[in-house]
Amino acid sequence: MTGLAEAVRGLSTEDLRSLLLIRHFELSLLRLFEAGQIGGTTHTCLGQEYIPVALSPLLRPDDYVFSNHRGHGHLLARYGDAPGLLAEIMGREGALCSGVGGSQHIYHHRFLSTGVQGESLPVAVGTALRLKGTGALACVHVGDGTWGEGAVYEALNMAALWRVPLLVVVENNGIAQSTPTHRHLAGTIAARAAAFDLPHIRLATTDIGTIRAELAPLVAAVREESCPIVVEFVTHRLGPHSKGDDTRPAQELDEARAADWYRHAAGGDLDLEIQALVGRIVADVSARPLSVWERA
Amino acid sequence: MTDVADARQSAAREGAVQGPAPRVAEHLNRALHDLLEADPDLHVLGEDITDPYGGAFKITKGLSTRFGDRVRSTPISEGAITGVGAGLALAGAKAIVEIMFADFVTLAFDQLANFAAKSTAMYGRPVPVPLIVRCPSGGNRGYGATHSQSPQKHFIGIPGLRVYELTPFHDATRLLAGMLEQGLPCLLFEDKVLYTRRMFEAGPLFRVGFAGRGAYPGDEVARVSLDGGGEPDCTLIVPGGVAHRALAAAEDLLMEHEVVCEILVPSRLHPLPELLPASRHVVVAEESTAGGTWGADVAAALHSRMWPALRKPVTLVSSADSVIPAAAHLEREVLLQPGDIRRAVLETVT
């Protein structure tokens, strides 16, 4: 994978920082869970960090991002607030949503995540309807597994009929929790988008520069022509669905690891710097008092 | 008694002062016109709601002609249009979504219970979601099992979700404006037979007042009482769709049995408004099928608050525990009728 190595070497410091922040944040979460310092559940985006990092400069401050259960990277790539997110997950002072939302229910500026598959697509269509004509858009992240939900098709139908500025980002990591895509999805996502006459692009690369170059004109068209699009990333989930629940065979995991950008950034100065930074954030947030929820 | 004054003003605006009061359907349609005119951020969505059709029950007639894209006919997607309404509301607009038959609101349960209602609080701070989901409900029209239900009870007790029912006594403009003002998603059930009745009328024997002050406009409880009567023998508590059946029962009880009833009609079903019966016998009547009902919630509240004052536990009367048949004679056997209310009152007061 010399191509991948070159691509990682060619990243801007800003992009690499963002990638590393997400990677070390997620790894820290898994360690905190193992140590019993976090309860509940979490879904890390290990291996998929490059998607929100690539999208980040294509989004405007007045765009809405609708995220899902696997949303830490989406938030960090956009707002970078690792202490606030960790405090939210740990229920500590400074939490983005007072610790009420937790890992998968976060509303911060124009970022909103929910925990039910497919639920946010119709909501995103409503928000996009409101944004239509302003140049802003609604970006909604879904997985391959989300395409099992009827709400997806109801929403795409309306998005196409009403021509709302909706950017659907599909992170097709080949597996829905424990069920491989070929066992849960008939046909293709491309064909499903085509059924609604929606443009669809499939991006198998992890190269951030290539992704941006491909997407920039398409995202501009979403804004200017108010035409929804479906962007499908072929990606890899490196980690478990949640925690310690990975049942994939070793060969599959090896393939996922081979595609991992981090192999080419590990051990570098920036890697060590961000690792230390996240370590300090974990220490700081862990020492904070519990969050307080002031009920309406 | 500001509500009564408002109601009269509303009637005057509709040019109905000299003639009969408007029918409930016309009154609600007028309210939607007024709300859309007053608020350029308000949207109305639903299946087949635009002109010339104007909605299955014509409640949205004329709206799309006057207000263009803010009134939108949608695909047959109850779940998603409820989500679209929530998305509009989150982004600073307001939305009224019509579900063609209340039976189909089950398809929007996830959007209502898991998204719209939770979003108001699960992000740790109050998030306004000004959304009304209108649901034409109830039977006695021969539509059969899947077009006749009163599913209010399934939505009782969902944090963040308010449940209302249209009544013949509450001014609809005021009621809907009050619902939007709260910034919480609200369900509004609208009895389909009530659509055909006239607003503000309780017959020659009864007068209508309002008890208590609601937190929001339209939250007050309508009190229908015998003109010049003293302490009633029985208090009937009913949602708006049962008001006319309760009136018919109350008239009959007075004429045939000399039993004096008052009728309390709240517009808000959940959370319960303060219900203040003037008598020591209480009957709650609703069209929902039996089991896990709104009335059980009312009874629990009254028992804990006024147990020593009650002569008997609150009596609950509802439709039977049954699917709703299509044939008129069979439907009547299942659904709550005035005779069921009359019988329940007689058994309670004697």
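What the table below lists for this structure:
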| item | result |
| --- | --- |
| Residue among B:Arg305, B:Arg245 that is among the basic types (Lys, Arg) and over 23 Å from B:Glu201 (Cβ atoms) | B:Arg305 |
| Qualifying residues in region B:276-288 (those that are surrounded by fewer than 24 Cβ atoms within 10 Å (Cβ to Cβ) and free of Cβ contacts under 8 Å to residues at least 60 places away in the same chain) - the one nearest to B:Leu302 (Cα to Cα) | B:Pro277 |
| Check on B:Thr173, assigned to a helix (DSSP H, G or I), out of contact with any strand residue (DSSP E or B) (no Cβ under 8 Å at 6 or more places or on another chain), open to solvent by 20 Å² or more (accessible area, probe 1.4 Å) and over 22 Å from B:Leu275 (Cα atoms) | yes |
| Residue match in region A:61-75 (condition: surrounded by fewer than 21 Cβ atoms within 10 Å (Cβ to Cβ) and either away from chain B (no Cβ under 14 Å) or on the phi > 0 side of the Ramachandran plot (or both)) | yes |
| Residue pairs meeting the criteria (Cβ under 7 Å; at least 6 apart or on separate chains; first assigned by TED's automatic domain parsing to the domain that holds B:Leu316, in region B:220-246; second basic (Lys, Arg)) | B:Glu220/B:Arg213; B:Ser225/B:Arg207; B:Asp227/B:Arg207; B:His244/B:Arg197 |
| Within region A:115-124, tally of residues that are within 7 Å of chain B (Cβ to nearest Cβ), farther than 19 Å from A:Ser56 by Cα and either open to solvent by 10 Å² or more (accessible area, probe 1.4 Å) or in contact with a strand residue (DSSP E or B) (Cβ under 6 Å, 6 or more places away or on another chain) (or both) | 1 |
| Options A:Gly99, A:Gly135, A:Gly94: the member that is more than 8 Å from chain B (Cβ to nearest Cβ), open to solvent by 10 Å² or more (accessible area, probe 1.4 Å) and more than 26 Å from A:Cys227 (Cβ to Cβ) | A:Gly94 |
| Matching entry among B:Gln111, B:Gln182 (being in the same structural domain as B:Asp48 (by TED's automatic domain parsing), in contact with a Ser or Thr (Cβ under 6 Å, 6 or more places away or on another chain) and closer than 25 Å to A:Ala124 by Cβ) | B:Gln111 |
| Boolean, A:Leu112 is closer than 26 Å to A:Leu290 by Cβ and either within 13 Å of chain B (Cβ to nearest Cβ) or modelled with pLDDT under 95 (or both) | yes |
| Residue selected from region B:89-128 under the condition in contact (Cβ under 8 Å) with a residue 12 or more places away in the chain, within 11 Å of chain A (Cβ to nearest Cβ) and of a type in the set (D, E, K, R), by the criterion surrounded by the most Cβ atoms within 10 Å (Cβ to Cβ) | B:Lys118 |
| Residue ID - most open to solvent (accessible area, probe 1.4 Å), chosen from residues in region A:234-272 that are in a loop (DSSP other than H, G, I, E, B) and polar (S, T, N, Q) | A:Thr247 |
| Region B:229-265, residues that are closer than 24 Å to B:Lys192 by Cβ and of a type in the set (Gly, Ala, Ser) | B:Gly240, B:Gly241, B:Ala243, B:Ala246, B:Ala248, B:Ala249, B:Ala250 |
| Residue match in region B:176-187 (condition: outside any loop (DSSP other than H, G, I, E, B), of a type in the set (A, V, I, L, M, F, W, C) and free of Cβ contacts under 8 Å to residues at least 60 places away in the same chain) | yes |
| Residues (farther than 16 Å from A:Tyr64 by Cβ and more than 9 Å from chain B (Cβ to nearest Cβ)) located in region A:138-151 | A:Gly143, A:Asp144, A:Gly145, A:Thr146, A:Trp147, A:Gly148, A:Glu149 |
| Test: residue in region B:133-152 that is under 21 Å from A:Val116 (Cβ atoms), aromatic (Phe, Trp, Tyr) and open to solvent by 10 Å² or more (accessible area, probe 1.4 Å) | no |
| Scope region B:49-88; condition away from every other protein chain (no Cβ under 14 Å) and hydroxyl-bearing (Ser, Thr, Tyr); matching residues | B:Tyr53, B:Thr60, B:Ser64, B:Thr65 |
| Filter result (open to solvent by 40 Å² or more (accessible area, probe 1.4 Å) and closer than 19 Å to A:Thr127 by Cα) within region B:39-71 | B:Pro40, B:Asp41, B:Asp69, B:Arg70 |
| Criterion violated by A:Glu214 - all others in (1) within 14 Å of chain B (Cβ to nearest Cβ); (2) without any contact (Cβ under 8 Å) to a residue 60 or more places away in the chain; (3) within 30 Å of A:Asp63 (Cβ to Cβ); (4) open to solvent by 50 Å² or more (accessible area, probe 1.4 Å) satisfied | (1) |
| Residue match in region B:263-275 (condition: at pLDDT 95 or above, open to solvent by 40 Å² or more (accessible area, probe 1.4 Å) and more than 19 Å from the chain's Cα centre (by Cα)) | no |
| Members of region A:183-208 found to be of a type outside the set (D, E, K, R) and either open to solvent by 60 Å² or more (accessible area, probe 1.4 Å) or part of a helix (DSSP H, G or I) (or both), listed by number | A:His184, A:Ala186, A:Gly187, A:Thr188, A:Ile189, A:Ala190, A:Ala191, A:Ala193, A:Ala194, A:Ala195, A:Ala204, A:Ile208 |
| When residues of region B:188-199 are limited to those that are outside any helix (DSSP H, G or I) and buried (at least 21 other Cβ atoms within 10 Å of the Cβ), the one farthest from the chain's Cα centre (by Cα) | B:Met199 |
| Residues of region A:17-46 satisfying the condition of being open to solvent by 20 Å² or more (accessible area, probe 1.4 Å), in a helix (DSSP H, G or I) and under 24 Å from A:Val142 (Cα atoms) | A:Ser18, A:Leu21, A:Leu27, A:Leu30 |
| Filtered residues of region B:216-240 (kept if open to solvent by 10 Å² or more (accessible area, probe 1.4 Å) and assigned to a strand (DSSP E or B)) | B:Arg223, B:Ser225, B:Leu226 |
| Scope region B:153-170; condition more than 30 Å from B:Pro325 (Cα to Cα) and surrounded by fewer than 21 Cβ atoms within 10 Å (Cβ to Cβ); matching residues | B:Pro159, B:Gly160 |
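One line per residue, one yes/no per condition, for (1) β-branched (Val, Ile, Thr); (2) touching a His at 6+ places or on another chain (Cβ under 6 Å); (3) within 24 Å of B:Arg134 (Cβ to Cβ):
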{"residue": "B:His170", "(1), (2), (3)": "no, no, yes"}
{"residue": "B:Leu184", "(1), (2), (3)": "no, no, yes"}
{"residue": "B:Arg207", "(1), (2), (3)": "no, no, no"}
{"residue": "B:Gly212", "(1), (2), (3)": "no, no, no"}
{"residue": "B:Asp219", "(1), (2), (3)": "no, no, yes"}
{"residue": "B:Cys234", "(1), (2), (3)": "no, yes, no"}
{"residue": "B:Arg245", "(1), (2), (3)": "no, no, yes"}
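The values are calculated or read from the model by the stated rules, or taken from the named source; none is laboratory data. Computed from a prediction, not measured in an experiment: that's the story for all the values here. Note: ideal-geometry Cβ built from the backbone for every residue, glycine included; neighbour counts use all protein chains shown. These accessible areas exclude ligands, DNA and RNA; they are computed on the full protein's heavy atoms, side chains included. Shrake-Rupley method; radii C 1.70, N 1.55, O 1.52, S 1.80 Å.
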